[in-house]
1. Under a crude label model (7 Å from the Cα following the beta-carbon direction), how far is residue 375 from residue 275 in nanometres?
2. With N set to the residue count of region 97-149, report its C-alpha Rg divided by 2.2 N^0.38 Å to two decimal places.
3. Over all distinct Cα pairs, what is the inverse of the mean 1/r for region 383-441, reported as the Kirkwood hydrodynamic radius in Å?
4. Skipping prolines and chain starts, which residues have an amide H placed within reach, meaning under 5 Å, of the one on residue 106, given they are 5 or more residues away or on another chain?
5. I'd like the distance between the alpha-carbon centres of region 131-159 and region 217-254, rounded to an integer number of Å.
6. What FRET efficiency do you get for residue 134 and residue 244 if R0 is 35 Å and r is their Cβ-Cβ distance, rounded to the nearest 0.05?
7. Which whole-percent values make up P(r) of region 345-414 when all C-alpha to C-alpha distances are grouped in 10 Å steps starting at zero?
8. May I ask for the net charge around residue 241, where only other residues with Cβ less than 12 Å from the Cβ of residue 241 are counted and Lys, Arg are +1 while Asp, Glu are -1?
Amino acid sequence: MLVAALLAACGSDSEPLATGPSVTFATGDSDAPVTSAAPGETGPAETTPGVIATAPTTASDAPQPTSSDSATTAAPVASDTVVTTAPTAPLGDPVVALTPVATAASPVDLAWRAGDPTLFVVEQDGLVRQLRDFVLGDPVLDITDMTSGGGEQGLLGLTFAADGTLAYINYTDGDNGDTHIVEYAVAADGTFDESTRRELLFIEQPYSNHNGGNVTVGPDGYLYIGMGDGGSGGDPERRALNLTSLLGKILRIDPAPDGDAPYGIPADNPFAGVDGARPEIWSVGVRNPWRMSFDRETGDLWFGDVGQGEIEEIDVAWADEGGGRGYNFGWSAYEGTERFNEDQPADGATPPIFEYPHGDAGCSVSGGAVYRGAAIPALVGRYVYADYCSGTVFAIRAEDRAVTGSVVLGQFNSVSAVREGPDGELYVLSVGGTIVQVQPG
């Protein structure tokens, strides 16, 4: 059974932390320390190696701290800041039912193609199945002989190109769960042509956890890949802020071949052309981003980032502020808004829009989606997510870059993802095998 988010969050992975220098060297060169860009910058300062640019985090334009019974939103933080909380306003009156619609073997993701009502269900062991009229069909892709299954490994993510003719998957193999990003051609009936398999990206993993696993085509047509920090506990080799490593990052690539290269680098990637930095990097400072999604109306990128042992967080890359270009989401200088590795640079981190401590609310976030369906008007514009440990499904409302309400929608065990379908309606997946739809209550 998948325990991806649970193992990534709990204290059992907290290996002894390596001691490091007072700063992380972004290029591996002791003469090139990581620095932070000034507030308001969305890209690296000119082309100086090692610069991590961030979104604005000044007190005047950042979310103000609030809390509910089980969660808090984040304020901008510095190393000497004490984060305080105040009650949130009620979310409103969305009343929903989590209605079972299908069963599958350890479902971990769900995707769809434009113009096609079919849902494609990803099973962790390596199968993709079509779900039509809530009837699960035979596999349209079978890579069970290629994947390393169990724990946090396996076939973890699926997305489609805008025209639906190509699919991209994220899966792991080997003892440590090395990451593969692979493309397949897709026929009109939704079957994958396995003879067209083309590997775009291979990323070696140092440990068996924190694989990330998300792959998403953005509104710009580029491929966004969520990569965990490589695993173990506490970012022991300090990879999350190191620009020579693809781990602990959100990557952005053009999946079309570029000459002899299997993919291209978009010209506006923040570290394209920066000596010593990996040009695929879009954002830095994530621990284990588990389920990313774009708001279909605004283009904002939302994701849950699984915490170390104390705090779970939800992050947003606002489309009108660059969509995450050059963002530093803080790990491992911070866990949520709390200082974590003191040897990592504290300045310039973009705080989560929302965080909650381990306890009644849970201990491992499973990211979701902003609801844009028509069936539940009171839920429109709310971000729906869940916690793997507690089984609680939540919705939060964000206004003016701050969370202004939170509500519990229901309980559902072992949630691996909250995903939207082609009509904007939401589905909640459990690795126990059940898929439910969020319907009017």
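Throughout, read-outs are computed from the coordinates displayed, never taken from laboratory work. Everything numeric here is computed off the predicted structure, so don't read it as measured data. Neighbour counts run over all protein chains shown; Cβ positions are idealised from the backbone, glycine included.
1. So the label points at residue 375 and residue 275 sit 5.7 nm apart.
2. 1.16
3. Kirkwood hydrodynamic radius for region 383-441: 12.1 Å.
4. Residues meeting the criterion, in which the H sits 1.01 Å from N, are 433.
5. 23 Å
6. The value I calculate is 0.15.
7. Once binned at 10 Å, the Cα pair distances of region 345-414 give 19, 47, 28, 6, 1.
8. With Lys, Arg at +1 and Asp, Glu at -1, the neighbours total -1.
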